[in-house]
């Protein structure tokens, strides 16, 4: 993200102006957009280096973690957040789920001709706030512009780097039979909040997206458990809790037995899902995590989650078990048992 | 980029199939797309970790470099390359321009509903080859799908990480008066090659994009110069040589005096630019670099460039000079002198 110091004839009209193709041409207007919108909001010592990349110090004796996430959510603004903060939280969370401390973010914007600059500014400020709150600077970036009808307002791809101490290995393949399956809070808010804003489906709801940066919750979990007791951490985003648990079961070649009545869900979300014919187990979350932990560590970890603002409604929702078919089974609220399978259909496109 | 081991009813139809919204829904079809297209092509030990991010070793005593680049080029395939290899080269080059050794790449794909899977496969294979040739693995990624008419086939954002020894500081703000401005080869091929394919502008040409990974050329340049003699390295992509030199002049608060007849250009490119009314100084390159070096190191660096396959046509095209207005001036081929200003218009949208 180059930030040449130039004097422009007049500042960008951030109230009434729109993105045009010149903003992506690499010339004076591109430089002005970067300077007046992005560099101003994201300002930090690394971005200020003003090169096509950033030079970054790393702590000694650590391993790197790298994660990337594209955000194409529609609509751009939704109850509880927008594509900007989501793009920060989503990638920070992917880094944190490997037990890493997120250190740096990059951001790439693909803007559609005609996007109001006021919308872009609002999104960028939301990103800047989210990055500031999380303590993780956006250190480099890129901006491209595509013609009207070849994009959808703005797409944001963020990439995060973090560090993790040597020897701390957390990942989807590390679940063990007997492990407790902990969930950090209520499910389905993000998906239902976004759905409530879709032009074709607008319905009244007070449900807000749960979008949040989970790295401090991860730090609390790690601090509460003996070394090696946290086997898997993952945020159940696109595809929801059901998809995440199926992924982990597949990676670890194990099954799980869940208890439906233990899975926290807000009554409004439950009601909205009922109304829309959706299963909340498949609805995206953006501020929740699943922790699969050694059984002896479960109660300490659960207590640490309860003590953190983002884990107050945490619960143990099941156990990992041997199962060569990698089935996720669930004892239902009405007393039956069912298989929670992979999603095949498409309940919610463009949810993150 | 999760790679759960699943058995699918039938493999993806990579000959006749198309992307549909289900490929982005996070369920079974998403997993299948990732497994059969991306993971298969990019296979490496880091990607195989199968988590939402990758755990990566870093050499001790090095600083990190991070760069990101969005690719929205139209058309997706062009003489000499395609969006896939371009997405690898573009980001590797941004990392290399800070004097760093590129180590890892991430890739995020935003796919448009209806994209033929055969096109996607060809693009992914081109990326995989480019990454393999460069020796830099794609270690993590993400895939999103947007509805027909909300994207344009495929957009690819890549992020690169590299390492640079402590104390090696190369950047746009480090040019010094008297420095030599070296250019690694002929300009304008990428832009003209892409333009030759645009439906509205199709014309006969044998010009191919120069897209290439420049990190080995950078290594040769660094090896040829005394420590600290390489002040700036930058690849003149979008906006061309003129924009890149203006950026550097602005960052260093200096001017430059160029010699037009020293700037290498293929006769076909010169002719095509004449025909289209374009100035080759503003046309994008994807396999060239500008090196601004201490005067006493210039001849050794130039010799090292000439000895490298990507620097055979390298030339010294000018000098850095004091100029508080940061003007790039040029002695023209016809004996005049002109200011090479920032680009204001939009000669070539969607060029990278």
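No lab work stands behind these numbers, since they all come straight from the coordinates. This is a predicted model, so every value here is computed, not measured. Cβ coordinates were reconstructed from backbone atoms using ideal geometry, including for glycine residues, and neighbour counts include every protein chain displayed.
The calculated FRET efficiency for residue B:176 paired with residue B:279, based on their beta-carbon distance and R0 = 30 Å, is about 0.60. In units of the rule-of-thumb radius 2.2 N^0.38 Å, the protein assembly as shown shows an alpha carbon radius of gyration of 0.96. For the peptides A:78-84, B:253-259, B:184-190, residues were scored by their other Cβ atoms within 10 Å and the scores averaged per peptide; the highest-first order is B:184-190, A:78-84, B:253-259.
Across identical copies of the chain, residue A:228 has label-point separations of 5.0 nm, listed in ascending order, with the point defined 7 angstrom from Cα along Cα→Cβ. For chain B, a Gaussian network of Cα nodes joined below 10 Å ranks B:312, B:198, B:238 by mean-square fluctuation, and the top entry is B:198.
Within 10 Å of the Cβ of each residue in A:237-244, the mean number of Cβ atoms contributed by other protein chains is 4.
Based on Cα contacts under 8 Å between residues 6+ apart, region A:187-296 shows a relative contact order of 48 percent. In this simple spin-label model, placing a label point 7 Å from the Cα along the Cα-to-Cβ direction at both residue A:148 and residue A:216 gives a separation of 4.4 nm. Distances from residue A:168 to itself in the other copies, using label points 7 Å out along the Cα-Cβ axis, amount to 3.0 nm in increasing order. Within the listed set B:68, B:205, B:140, the residue fluctuating most in the Gaussian network model of chain B (springs between alpha-carbon atoms under 10 angstrom) is B:205. Against the main long axis of the alpha-carbon atoms of chain B, helix B:83-96 sits at an angle near 50°.
When both region A:78-121 and region B:286-331 are represented by their alpha-carbon centers, they are found 38 Å apart.
Counting, for every residue in A:93-106, the Cβ atoms of other protein chains within 10 Å of its Cβ and taking the mean gives 3. Between 0 and 90 degrees, the angle of helix A:117-134 with respect to the longest Cα principal axis of chain A falls at about 50 degrees. When you count the other C-beta atoms within 10 angstrom of each residue and take the mean per peptide, A:114-120, A:191-197, A:318-324 line up highest first as A:191-197, A:114-120, A:318-324. Label-to-label distances for residue A:198 across copies, nearest first, come out at 3.6 nm, using points 7 Å from Cα in the beta-carbon direction. Once the Cα atoms are used to define both axes, helix A:215-224 deviates from the longest principal axis of chain A by about 30 degrees. Remark: mean inter-chain Cβ contacts per residue of A:43-52 equal 5, using a 10 Å Cβ-Cβ cutoff to other protein chain atoms. Sorting the segments B:268-280, A:33-45 by their residues' average number of neighbouring beta-carbon atoms within 10 angstrom, most packed first, yields A:33-45, B:268-280.
Of all DSSP-defined beta bridges confined to the protein assembly as shown, some 80% are antiparallel rather than parallel.
Per residue, the average separation of C-alpha pairs within less than 8 Å and at least 6 apart gives chain A a relative contact order of 21 percent. Entry note, the protein assembly as shown: the mean residue ellipticity at 222 nm calculated from DSSP H runs of n ≥ 4, each adding -39500 (n - 2.57), is -7500 deg cm²/dmol after division by the residues and rounding to the nearest 500. The modelled label-to-label distance between residue A:341 and residue A:322, using points 7 Å beyond Cα along the C-beta direction, is 2.6 nm.
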